[in-house]
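Enquirer: One structure, as structure tokens, below. Some questions next.
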Amino acid sequence: MYYSLDRQSVLEYVRKSPLMAQIFKNGNDLTAIDLAEGNINLIFRVRSATTPIGPSVLIKQALPHSRRYPEIRLPVERARIESAILLLEAKYCPKQVPEVYLYDPEMYLIAMEDLNQHKVMRYGLVSQQRYPEFPRQIGVFLASTLFHTSDFFLSGSEKKAMVPEFINPHLCKITEDLVFTQPYIDHPNNRCNPLLRTEAEDIARDEELRSEVLMLKADFMTNAQALIHGDLHTGSIMVNESETKVIDPEFAFFGPMAYDIGAVLGNLALSYASQECHATDTNLRGRYREWLTEAIERVWNIFEVEFRTLWAAEGNAQWPSEQLRDKFFKKLLQDTAGMGACEMMRRILGLAHVPDLDGIEDERARAVAERYALNIARHWLRERHKFTTVSDLTAIIRTLEPTGSA
């Protein structure tokens with residue numbers, strides 16, 4: 001029977017679990033730490049109370065509502081989807097996801113590898129940390145997981161049989177509202193820096209821009225291209241200097257590949273804009289921004305090369321055209337730019353913001369960085385149909401300058 005865990009009851013749960021007994025030799029010597037920093041789940045680290053370097057496990061439990069926004073009701077079934085996609089991702093890219101130890105369908109709970117040697121990428125970027133393996137590893141992850149769940153690899157019957165397993169209407173509706181709808185209208189959920197009121201009003205009146213956003217919304221709702229993570233921002237990526245791990249795929253469903261890739265690139269661009277305040281030394285800021293733009297280029301280029309390689313080696317016989325592949329990647333890049341732009345704008349104008357920007361305490365300084373990010377996003381969105389290489393995206397980032405003053 002389902003009940004929500006707390007620090008005491010999670011210990012009792014672990015002690016009673018036969019699988020956990022294989023990990024922890026002494027069930028009485030355990031402690032639990034509440035790690036929940038996200039919006040919607042309970043997360044506990046369970047480890048030895050006396051031997052900190054001993055084994056540890058993360059216990060993640062789905063709540064029937066958002067932890068941070070209790071008025072938002074959510075299906076606990078999302079835990080099954082998360083467990084299933086982690087296992088599927090591990091099949092094709094095991095080094096880039098945490099190991100799942102068990103899924104409890106009654107408690108809607110996952111016990112998984114504790115990535116205690118890794119850091120949430122977003123916070124590392126805020127402090128100008130560099131992760132040399134990240135572009136290659138996330139590029140390979142995107143290519144491998146998206147290719148192997150697409151029609152380019154699966155037969156039509158295999159793909160259609162998989163789609164119903166990952167139907168995720170409630171969490172998709174959250175994305176449809178928070179990413180593609182509410183930030184562009186006057187909506188009570190929106191949280192916007194009051195110094196950006198003019199920009200928010202301009203965007204709401206810009207019919208051409210809104211029509212582009214709505215085209216991308218339609219693609220998100222109708223294009224079951226591959227099994228996507230659905231929330232692949234830098235808060236869902238754990239990193240250190242040698243490893244990249246993707247976590248929290250509970251928003252997963254069969255959707256457009258560009259949504260995942262755009263989320264990664266858009267969040268790197270958000271970090272670029274936020275460095276206006278985080279990197280106060282001009283030389284450090286310039287060097288770190290160059291690393292971020294190079295990371296954007298490398299992520300896309302590695303993704304494309306890896307995807308093309310998989311398509312040539314493992315693709316089914318339904319797509320016997322090299323020109324098709326060229327056209328496919330051109331359109332995918334353009335859609336990626338659009339999805340990335342929507343991710344950036346919603347993090348400034350909508351409900352769910354990011355610490356990269358919200359962590360800037362001075363409202364005027366924050367407005368400069370936010371305005372900069374909005375400007376990048378609007379150019380990506382408006383000009384995306386002309387893009388042919390990823391350097392077209394980074395050229396915009398490199399060319400634009402912050403406006404306003406702190």
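Yes/no per residue for (1) modelled with pLDDT under 95; (2) among the polar types (S, T, N, Q); (3) in the same structural domain as Arg136 (by TED's automatic domain parsing); (4) part of a strand (DSSP E or B):
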residue	(1), (2), (3), (4)
Leu58	no, no, no, yes
Tyr69	yes, no, no, no
Ile85	no, no, no, no
Pro98	no, no, no, no
Met107	no, no, no, no
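Enquirer: Would it be correct to say that Ile85 is buried (at least 18 other Cβ atoms within 10 Å of the Cβ), under 30 Å from Glu12 (Cβ atoms), β-branched (Val, Ile, Thr) and out of contact with any Asp or Glu (no Cβ under 8 Å at 6 or more places or on another chain)? Reasoning before the result, please.
Expert: Working: buried (at least 18 other Cβ atoms within 10 Å of the Cβ): yes; under 30 Å from Glu12 (Cβ atoms): yes; β-branched (Val, Ile, Thr): yes; out of contact with any Asp or Glu (no Cβ under 8 Å at 6 or more places or on another chain): yes.
Yes; evaluated as a whole, the condition is true for this residue.
Enquirer: Right, Gly286: of a type in the set (Gly, Ala, Ser), within 12 Å of Thr336 (Cα to Cα) and in a helix (DSSP H, G or I) or not? Write out each step before concluding.
Expert: Numbers: of a type in the set (Gly, Ala, Ser): yes; within 12 Å of Thr336 (Cα to Cα): no; in a helix (DSSP H, G or I): yes.
No.
Enquirer: Yes or no: Ile348 touching a helix residue (DSSP H, G or I) at 6+ places or on another chain (Cβ under 8 Å), in a loop (DSSP other than H, G, I, E, B) and either in contact (Cβ under 8 Å) with a residue 60 or more places away in the chain or under 19 Å from Leu400 (Cα atoms) (or both)? Please lay out each step first, then the result.
Expert: Numbers: touching a helix residue (DSSP H, G or I) at 6+ places or on another chain (Cβ under 8 Å): yes; in a loop (DSSP other than H, G, I, E, B): no; either in contact (Cβ under 8 Å) with a residue 60 or more places away in the chain or under 19 Å from Leu400 (Cα atoms) (or both): yes.
Judged against the criteria, Ile348 is not a match.
Enquirer: Related question: Select from segment 292-319 the residues that are free of Cβ contacts under 8 Å to residues at least 12 places away in the same chain and outside any helix (DSSP H, G or I) and list them in ascending order.
Expert: If the condition is that a residue be free of Cβ contacts under 8 Å to residues at least 12 places away in the same chain and outside any helix (DSSP H, G or I), then Ala317 is the only one that fits.
Enquirer: Then there's this: Which condition does Ala21 not pass, out of (1) in a helix (DSSP H, G or I); (2) surrounded by 20 or more Cβ atoms within 10 Å (Cβ to Cβ); (3) of a type in the set (A, V, I, L, M), if it passes all the others?
Expert: Ala21 satisfies all of (1) in a helix (DSSP H, G or I); (2) surrounded by 20 or more Cβ atoms within 10 Å (Cβ to Cβ); (3) of a type in the set (A, V, I, L, M) except (2).
Enquirer: While we're here: Determine whether segment 281-291 contains at least one residue that is touching a residue at least 24 places away in the same chain (Cβ under 8 Å), among the hydrophobic types (A, V, I, L, M, F, W, C) and in contact with a helix residue (DSSP H, G or I) (Cβ under 6 Å, 6 or more places away or on another chain).
Expert: Checked segment 281-291: no residue is touching a residue at least 24 places away in the same chain (Cβ under 8 Å), among the hydrophobic types (A, V, I, L, M, F, W, C) and in contact with a helix residue (DSSP H, G or I) (Cβ under 6 Å, 6 or more places away or on another chain).
Residue by residue, here is whether (1) under 30 Å from Glu306 (Cβ atoms); (2) not charged (D, E, K, R) holds:
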| site | (1), (2) |
| --- | --- |
| Leu35 | no, yes |
| Pro52 | no, yes |
| His65 | no, yes |
| Tyr69 | no, yes |
| Arg80 | yes, no |
| Ser83 | yes, yes |
| Gln96 | yes, yes |
| Val100 | yes, yes |
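Enquirer: Looking only at segment 272-315, which residues are under 19 Å from the mean Cα position of the chain (by Cα) and among the small types (Gly, Ala, Ser)?
Expert: If the condition is that a residue be under 19 Å from the mean Cα position of the chain (by Cα) and among the small types (Gly, Ala, Ser), then Ala273, Ser274, Ala295 are the ones that fit.
Enquirer: Scanning for something aliphatic (A, V, I, L, M), more than 21 Å from Phe153 (Cα to Cα) and surrounded by fewer than 17 Cβ atoms within 10 Å (Cβ to Cβ), does segment 280-299 turn up at least one residue? Talk me through it step by step, then tell me what you get.
Expert: Taking segment 280-299 first, the residues aliphatic (A, V, I, L, M) are 284, 292, 295-296, 299.
If we keep only those that are more than 21 Å from Phe153 (Cα to Cα) too, we end up with 284, 292, 295-296, 299.
Among the residues that remain, those that are also surrounded by fewer than 17 Cβ atoms within 10 Å (Cβ to Cβ) are: 284.
So far as segment 280-299 goes, yes, one or more of its residues are aliphatic (A, V, I, L, M), more than 21 Å from Phe153 (Cα to Cα) and surrounded by fewer than 17 Cβ atoms within 10 Å (Cβ to Cβ).
Enquirer: Going residue by residue through segment 256-272, is there one that turns out to be small (Gly, Ala, Ser), more than 18 Å from Asp356 (Cα to Cα) and either in contact with an Asp or Glu (Cβ under 7 Å, 6 or more places away or on another chain) or touching a residue at least 40 places away in the same chain (Cβ under 8 Å) (or both)?
Expert: From segment 256-272, those small (Gly, Ala, Ser) are 258, 262-263, 266, 269, 271; that's our starting set.
Subsequent filtering for residues that are more than 18 Å from Asp356 (Cα to Cα) retains 258.
Next cut, either in contact with an Asp or Glu (Cβ under 7 Å, 6 or more places away or on another chain) or touching a residue at least 40 places away in the same chain (Cβ under 8 Å) (or both) only: 258.
For segment 256-272, residues small (Gly, Ala, Ser), more than 18 Å from Asp356 (Cα to Cα) and either in contact with an Asp or Glu (Cβ under 7 Å, 6 or more places away or on another chain) or touching a residue at least 40 places away in the same chain (Cβ under 8 Å) (or both): present.
The values are calculated or read from the model by the stated rules, or taken from the named source; none is laboratory data. These figures come from a predicted structure and were not determined experimentally. Note that we place each Cβ from the backbone using ideal geometry, even for glycine, and neighbour counts take in every protein chain shown.
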